[in-house]
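All of the numbers you see were taken from the coordinates with simple rules; none came from a lab. Note that the structure is a prediction, hence the values are computed from the model and not measured. Please note: Cβ atoms are built from the backbone with ideal geometry, for glycine as well, and neighbour counts cover all protein chains shown.
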Amino acid sequence: IVGSDEVFDAVLRRAGAVRVRSFVELFSAAKCLASRYRPVGRRLAVITNGGGPGVLAADWVSELGLDLGLLTEDGARQLQPLLPQHASLSDLIDLSEDAGAEHYRAALEVASKDRGIDGVLVIYSPKFGGDADAVADVLVQAKPRMSKPLVACWMGDASVQPARHALADALIPSFRTPEAAVGAFGNIASFYQNQQLLQQTPPPLSHELSAPDVEGARLLIEGVLTERRKVLTEMESKALLSAFHIPVTQTLLARTAAEAMMIATQLGFPVALKIDSPDVSHKSDVGGVALNVMNATAVRDIWHEMMDAVHERVPDARINGVTVQAMARKARGRELYIGVVTDDPFGPVIAFGAGGTMIELMNDHAMEMPPLNQFLARRLMERSRVHETLGAWRGAPAVDMAALEQVLLRVSEMVCELPQLREMDINPIIVDEHGAVAVDARIVIGPAAQTSPGRAGRYGHLAILPYPARYEQLWPLKGGGEYTVRPIHPDDAQALQAFMKGLSAESRYFRFVSSMAELPPAMLARFTLIDYDREMALCAVVEEETVDADGTKHVRERIIGVSRYITNPDQTSCEFSLVVDDAFAGQGLGSRLMLSIMDVAREKGLQEIIGLVLTNNEGMLRLMRSLGFTVRAYPDDPDFRLVTHPL
């Protein structure tokens, strides 16, 4: 169902990159990056003096999954009196063939400030009496004042060359066709969205959901592997899903036709019958599925027909019996698919899309790298075509999106906690306004892959490591109160910058050997968005209450200390750094942060931790000696001392 190229797309997207598939796209993307825009969404307004090029642009907006940016009522009311008589603002901002530079200026000014628009495409089509240079000058003058992406399409050739040069000199991306211009904005928007994905560092287990029975699930898998089997039966698959609180249809195993009749009568008709065999992976392919069985007589007859069909097509199959389950009664339910595939070398990937018997033909699935959080789960669903049917659709009420999100989060938990999981197809999972239920599931397992020592513990099978919540610890402060030591995450950027600004000049110099008062954006991102496998940063935080001007109270976290290490190229040692808020000096914070970061490095299999301390940083040198570090001269620079400690 899922190809390796699609996995590669998912990996690039989660890494914050945008994939281009041609040199034309590559150069278009380069133009946009050179313009240094900071996009905030996917709504592109089209300003044009030609209906045809504007419609082409609008069609391509839809084709690329973007949204056409529309003026708000206030914006349209403000702009309409300033335009030619035949101008239209229904979808496009169509200035008509009579438009001049002053009309482009008015439209661009209103669109750039309209809250319903994230970016602006200006199309100029040569007209008799038109002035391509004057319109280009409007864009050049407007660009410094615009906070939204601005792209241009100057159609034609020789007559618009000077205008194109003027746009290029102003670093305004300019293209010859509307499609290329829309594609360029799509790259900008995708880059922004993918950068949001890059910032996500979910934990392996969601704090908002009840804890799964991980140990029970592992015992079930070990039992199957002991029997030298890889494919779980339907009963085993549903037991595994239930261990992670994924709703499943009640399913009972009947070993005889009489048992099947009795179970069906107890469950209530109609029922579904499915062959239960460890040797049959795709039951419907061998005549092993019967749906909407309406009475006991039909159950008996289908039992015998199913046994004969399976024996004929898979003569050596071991058959446990037939599973009986009530048909999922969801008249307006949508049939969906949630799956897991394991890619080499990227590991497990979660897929979502349309389900049912036509799944291969429909070929609708979106993919995401685990672990997931609510933000990632929503984005995963939005990328599938079936997402359009999940809202109110053809008289059916909108489905319970929260229930569907929970199923995706539970699947993410399964992937994180069960490295033996190789493949999983939950198909269909039926969802309506009342919730979601897994009707059938196919799970393939295998021995857990061996990972290098210290590689993320039990999460070494994942390409993206989950947030290491296991390192969170609560400690008392001397003099009262308490603080939390936890791994840093991307959301800490503002708090880390505030911490940096609050340090004394001396503390900043001791830490960075620099007088900088704040961290540059690139360094701030580097310090908060880290690879938990190669490095670790622990921050000590306290909770503080703030009050808004209107009296509203908020509780926020304040960073009061940070310790970190980075693994050296030899993969056996690491280099550390430590800084503590001056207001909390002498309260044992530095010792606790150092001991905690050393514990993490030791767990990762590192053998030595080292650091460079300025010779005049007497407080840090005293702390190092008290923790058992060896302090000696640094031969490359007499202003530093080399401190080392075996792990």
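For the pair residue 229 and residue 279 in one chain, pulling the backbone fully straight at 0.36 nm per residue adds 17.1 nm over the alpha carbon distance. Here the chain is treated with +1 on each Lys and Arg Cβ and -1 on each Asp and Glu Cβ, and its dipole about the Cα centre works out to around 900 debye. Multiplying the residue separation of residue 517 and residue 219 by 0.36 nm and removing their Cα-Cα distance gives an extension gain of 101.8 nm.
Measuring spread by the Cα atoms of the stretch 469-646 yields a radius of gyration and Dmax of 16.5, 59 Å.
Given all pairs of different Cα atoms, what value in angstroms does the Kirkwood hydrodynamic radius of the stretch 1-155 take? Don't skip to the answer; put the middle values down first.
Working: mean 1/r = 0.0599 Å⁻¹.
One over the average 1/r among Cα pairs gives 16.7 Å for the stretch 1-155.
Suppose we look only past 15 Å in the calculated P(r) of the stretch 136-226. What percent of the Cα-Cα pairs does that tail hold?
Numbers: 3004 of 4095 pairs.
Value for the stretch 136-226: 73 percent of Cα pairs lie more than 15 Å apart.
Between rounded, prolate and oblate, where does the stretch 89-151 land on the alpha carbon gyration tensor, with a ≥ b ≥ c its root eigenvalues, rounded for a/c under 1.5, else prolate if a/b exceeds b/c?
Since a/c reaches 1.5 but b/c is at least a/b, the shape of the stretch 89-151 is classed as oblate.
Look at the dipole of the chain built from charges on Cβ: of 630, 72, 199, the Cα furthest out on the positive end belongs to 630.
Partners of residue 238 within straight-line reach, counting lysines whose Cα lies under 26 Å from its Cα and excluding those fewer than 8 residues away in the same chain: 230, 274, 283, 330. With the cut-off at 1.5 for a/c, could you classify the stretch 562-639 from its C-alpha gyration tensor as rounded, prolate or oblate? Oblate shape, in that a/c is at least 1.5 and b/c is the bigger or equal ratio.
What FRET efficiency comes out for residue 245 versus residue 382 if R0 is 41 angstrom and r is the Cβ-Cβ distance? Round to the nearest 0.05.
Working: r = 24 Å, r/R0 = 0.59.
Efficiency, rounded to the nearest 0.05: 0.95.
Ellipsoid semi-axes for the chain, based on the Cα gyration tensor and the rule √(5λ), read 48, 44, 21 Å when sorted largest first.
Charged side chains reduced to their Cβ positions (Lys and Arg at +1, Asp and Glu at -1) give the stretch 61-139 a dipole of some 140 debye around its Cα centre.
For the stretch 168-230, applying the loop criterion from DSSP together with a ceiling of 13 other beta carbons within 10 Å to the GluC sites (Glu not before Pro) yields 208, 227.
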